[in-house]
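The values are calculated or read from the model by the stated rules, or taken from the named source; none is laboratory data. For clarity, every value in this text was computed on a predicted model and none was experimentally measured. Positions of Cβ are generated from backbone atoms using ideal geometry, with glycine treated the same way; all protein chains shown enter the neighbour counts. Keep in mind that these areas ignore ligands, DNA and RNA; they rest on the heavy atoms of the full protein, side chains included. Shrake-Rupley method; radii C 1.70, N 1.55, O 1.52, S 1.80 Å.
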Amino acid sequence: MARTIAAPRVLNIEDLRREAQRRLPRVVFDYIDGAAERERTLAENCRAFDDVLFRPRSAVATRTCDLSTEVLGTRLDLPFMLAPVGSSRLFYQRGEEAAARAAGKAGTGYILSTLSGCRLEDVKAATTGPAWYQLYLVGGREVAMAAIARARAAGYRALVVTIDTPVAGLRERDLRNGIKELLSFNPLRMLPYVGQMLSRPRWLALYMADGGLMNFPNIVLADGPMQYADVGAALEASMVSWDDFAWIRAAWQGPIVVKGVHTADDARRAVDAGAAAVVVSNHGARQLDGVSPTIRVLPEVVAAVGRQTEVLLDGGIRCGGDIVKAICLGARAVLVGRAYAYGLGAAGEAGVARAIDILRADVVRTMKLLGCGAVSALDGSFVEPPAAWISRCESIR
Ligand SMILES: Cc1cc2nc3c(=O)[nH]c(=O)nc-3n(C[C@H](O)[C@H](O)[C@H](O)COP(=O)(O)O)c2cc1C
């Protein structure tokens, strides 16, 4: 019988993380949970939210809370969207469709990764909410142009260009778990690592029923969809540069979101390149270990480009309080990655819905405790960030 993910068993995102760990083979769980090198930025992305303190207004009657938010002209019922998470289909049968469906039912947006295991048309059809398409240039310009044309025809509303993957980060857990060997299709090399799969028969049964090892149906090369084993090398050969934005803009002809901004300077470059929004993101600490946590960088990016463009943030969000802090510091909305990926790994669509419910309830409770009845009314007066974060902004403005 499936384990319940309802309260009181699952009260927070950490509980969902534990449930995902129980259901998934180690190699899949660690692919979600792990990050680059010594994982210092992974820890800091989460911890740095503690440096921001709340300044509540008491004795304010806030009976209702309006969580609606407008991002790129689209109204969302929640101040958070689901970030692009590659290979979600490994976590649960037709994972990208399940996550998109849960987002739509909650009235929010889903961002589909280029490295999706499901066809982009099927994912769009699965959701009633807005969908954005995240672009890597894997396979080269022609292949990317074909995906852009498909995404536009399917009704994706924005193109998210990820700029922080000139090479794949060194994710040590993946290597220790034998990810390369498991993708080699050489039975002798695979043998020491297959026990991880066999010890999770429920996951294995669904995975096999879903077609087993998959390819990437939105990266169509001359000989067909790109295979899993080729992804590392393909990413390294597909670096995006600011010069690429001219042809990407011409091909897409819609709003472009630049994801992976770490500094005020890059935020300005993104605006110059035509970004309608930027995402302050370090790829969930999966690329360069040792960069600043995103919440620390947010005020400087808002100071630099907040008047010209919308600023979003992701990285380290594990509760609704984190979301509220980011909005108080100037984010239009946030993206959550692992928080929903754990839910997907734990229980498919129901797990993603549970993750969204947990975050939504957290945001409402936090806002009532702050004495604020609408996301649109959250501002810097509700938080106290470290003085050094703010003095850096003053030199930028
Ligand atoms: C398992 C996993 C796969 C990811 N795949 C992609 C991807 O394909 N494209 C992308 O732009 N970002 C990808 N990301 C980064 C997320 O979009 C997001 O930036 C990050 O997860 C935010 O940090 P958080 O997980 O702490 O919320 C991935 C993240 C995870 C955890």
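Out of the residues in the range 299-317 that are away from the ligand (no atom under 14 Å from the Cβ) and small (G, A, S), which is surrounded by the most Cβ atoms within 10 Å (Cβ to Cβ)? Give the derivation first.
Filtering the range 299-317 down to residues away from the ligand (no atom under 14 Å from the Cβ) leaves 299-311.
If we keep only those that are small (G, A, S) as well, we get 303-304, 306.
Details: A303: 20, A304: 23, G306: 19.
So the residue we want is A304.
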Study note, to complete from the structure: Listed by range, helices (runs of 4 or more DSSP H) wholly within the range 1-75 having at least 3 residues that are on the phi > 0 side of the Ramachandran plot are none
Practice item. Output the residues belonging to the range 89-125 that are in a helix (DSSP H, G or I) and farther than 23 Å from A333 by Cα. Key: R89, L90, G95, L120, E121, D122, A125
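Please go through the range 89-107 and pick out each residue that is among the basic types (K, R) and away from the ligand (no atom under 14 Å from the Cβ).
So in the range 89-107, the residues among the basic types (K, R) come out as 89, 94, 101, 105.
Those that are among the basic types (K, R) and away from the ligand (no atom under 14 Å from the Cβ): R94, R101, K105.
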Revision key, fill the gap. Residue count, the range 238-296, condition touching a strand residue (DSSP E or B) at 6+ places or on another chain (Cβ under 9 Å) and among the polar types (S, T, N, Q), comes to 4
Review point. Across the range 155-167, what is the number of residues that are open to solvent by 10 Å² or more (accessible area, probe 1.4 Å) and of a type outside the set (S, T, Y)?
Key: 6
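Only one of these is free of Cβ contacts under 8 Å to residues at least 40 places away in the same chain and closer than 21 Å to R249 by Cα: A158, A131. Name it. Let's see the steps before the verdict.
Values: A158 fails: free of Cβ contacts under 8 Å to residues at least 40 places away in the same chain.
Matching residue, one of A158, A131: A131.
Could you look through the range 326-343, keep only residues that are outside any helix (DSSP H, G or I) and in contact (Cβ under 8 Å) with a residue 60 or more places away in the chain, and pick out the one that is nearest to the ligand (Cβ to nearest atom)? Can you show your working first?
Initially, the range 326-343 is screened for residues outside any helix (DSSP H, G or I), giving 329-337.
Checking the rest, the ones that are also in contact (Cβ under 8 Å) with a residue 60 or more places away in the chain come to 329, 332-337.
Working: L329: 16, R332: 16, A333: 13, V334: 8, L335: 6, V336: 5, G337: 2 Å.
The qualifying residue nearest to the ligand (Cβ to nearest atom) is G337.
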Practice item. State yes or no: is G274 away from the ligand (no atom under 16 Å from the Cβ), at pLDDT below 95 and open to solvent by 30 Å² or more (accessible area, probe 1.4 Å)? Key: no
Practice item. Could you list, in sequence order, all residues of the range 114-128 that are open to solvent by 10 Å² or more (accessible area, probe 1.4 Å) and of a type in the set (G, A, S)? Key: A125, A126
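Take A131 and tell me if it is more than 16 Å from the ligand (Cβ to nearest atom) and among the small types (G, A, S).
no
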**Study point:** Long-range neighbours under 9 Å by Cβ, at least six apart or interchain, first residue under 19 Å from Y340 (Cα atoms) within the range 32-49, second among the small types (G, A, S) and open to solvent by 40 Å² or more (accessible area, probe 1.4 Å)
**Key:** A35/A43
Review point. If you take the residues of the range 318-377 that are buried (at least 24 other Cβ atoms within 10 Å of the Cβ) and basic (K, R), which of them is nearest to the chain's Cα centre (by Cα)?
Key: R338
**Study point:** Output for the range 253-268, where each listed residue is away from the ligand (no atom under 16 Å from the Cβ) and either in contact with a Ser or Thr (Cβ under 6 Å, 6 or more places away or on another chain) or more than 26 Å from R40 (Cβ to Cβ) (or both)
**Key:** Q253, G254, P255, R268
Review point. What's the number of the condition R296 fails, among (1) assigned to a helix (DSSP H, G or I); (2) away from the ligand (no atom under 15 Å from the Cβ); (3) open to solvent by 10 Å² or more (accessible area, probe 1.4 Å)?
Key: (2)
Study note, to complete from the structure: A careful count of residues in the range 40-88 that are surrounded by fewer than 21 Cβ atoms within 10 Å (Cβ to Cβ), within 10 Å of the ligand (Cβ to nearest atom) and more than 30 Å from D210 (Cβ to Cβ) gives 1
**Study point:** Filtered residues of the range 129-146 (kept if more than 20 Å from the chain's Cα centre (by Cα) and either surrounded by 17 or more Cβ atoms within 10 Å (Cβ to Cβ) or not in a loop (DSSP other than H, G, I, E, B) (or both))
**Key:** G139, R141, E142, V143, A144, M145, A146
Revision key, fill the gap. Reported set for the range 190-242 where residues are among the hydroxyl-bearing types (S, T, Y), open to solvent by less than 60 Å² (accessible area, probe 1.4 Å) and farther than 14 Å from G117 by Cα is Y193, S238, S241
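On the given criteria, is E96 surrounded by 22 or more Cβ atoms within 10 Å (Cβ to Cβ) and without any contact (Cβ under 8 Å) to a residue 60 or more places away in the chain?
On the way: surrounded by 22 or more Cβ atoms within 10 Å (Cβ to Cβ): yes; without any contact (Cβ under 8 Å) to a residue 60 or more places away in the chain: yes.
It is true that E96 is surrounded by 22 or more Cβ atoms within 10 Å (Cβ to Cβ) and without any contact (Cβ under 8 Å) to a residue 60 or more places away in the chain.
Does R152 fit the bill of being away from the ligand (no atom under 16 Å from the Cβ), of a type in the set (K, R), part of a loop (DSSP other than H, G, I, E, B) and open to solvent by 50 Å² or more (accessible area, probe 1.4 Å)?
On the way: away from the ligand (no atom under 16 Å from the Cβ): yes; of a type in the set (K, R): yes; part of a loop (DSSP other than H, G, I, E, B): no; open to solvent by 50 Å² or more (accessible area, probe 1.4 Å): yes.
So R152 does not fit the description; no.
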